[in-house]
Amino acid sequence: MSMAIDEPQAPAMYKGTETLKYTVVTTLADDIEIRSYAAAVKVVAQANGENNAFGQLFRYISGANSVNTSIAMTAPVETTSVKVAMTTPVEMTMANTQAPMQMSFFLPSMYDYQTAPRPTSPGLSLVAVPAKMVAVIRFSGLRGDTKLAQKTQILREALAKTSYKIISEPVMMGYDAPWTLWFNRRNEVMFEVQ
């Protein structure tokens, strides 16, 4: 008699890169979903400008951490502005390369908050992200302020027709490297909902 052994599930992947694991709860439109995300761990940089934040995070995954080890890059990269007014939630300063902003890299699923290498740079912090429900609008192309504002407004309007309540500021999620051709890029605007 053979007994089944629970084998670890393979991580979720996007174009050969580990990505955050989620389940689609419902689809509101071709490009809008309600998702349930598993708990995760991310390293966060607050910096003036996207390039500065990215550089700090890249050094962390390249070995500038408590165990001096390289950590695999994952997708997506999360970007938010440090301060967003409620009346204009997507006039974010993310496109301005020197504006205050926050960028996060999610760590591979093999890590939890206890086992993740600690950042050694004072500009970085490790954050445990609990499981959560989110609303997402997915789009391709470039992600300038105007497009982010349009997509965020479309997502807000779609959610207003449902029983889901927005409980966070918008977050921009980018899945592809900056050198990826614009029409092949996967971008998302996300709100946490309940």
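Read the figures in this text as sums done on the coordinates, not as results from a lab. Keep in mind that this is a model prediction, so the values were computed, not measured. Cβ sites come from the backbone with ideal geometry, for glycine too, and all protein chains shown count toward neighbours.
Would you mind estimating how fast the stretch 20-192 diffuses translationally, via Stokes-Einstein at 4 °C and 1.567 mPa s with the Kirkwood radius over Cα pairs, in µm²/s? Estimated via Stokes-Einstein, D reaches 78 µm²/s. When the Gaussian network model of the chain links Cα atoms closer than 10 Å, the mean-square fluctuations of ALA128, ALA38, ALA160 top out at ALA160. Protection proxy ranking of 176-183, 58-65, by the mean of other Cβ atoms within 10 Å over each peptide's residues and highest first, is 58-65, 176-183. Per residue, the average separation of C-alpha pairs within less than 8 Å and at least 6 apart gives the chain a relative contact order of 25 percent. Listed from fewest to most Cβ neighbours within 10 Å, the set MET103, MET173, MET133 follows the order MET133, MET173, MET103.
What's the extension gain from THR26 to ILE154 if we count 0.36 nm per residue and subtract their Cα-Cα distance? Mind dumping the intermediate values first?
Working: separation 128, 0.36 × 128 = 46.08 nm, distance 1.68 nm.
Roughly 44.4 nm would be gained on extension.
Structure remark: mean-square fluctuation, Gaussian network model of the chain, C-alpha springs under 10 Å; the largest value among LYS15, LYS151, LYS165 belongs to LYS15.
Lysine pairs in the stretch 20-192 whose alpha-carbon atoms fall under 25 angstrom of each other, counting only those eight or more residues apart or on distinct chains, come to 19.
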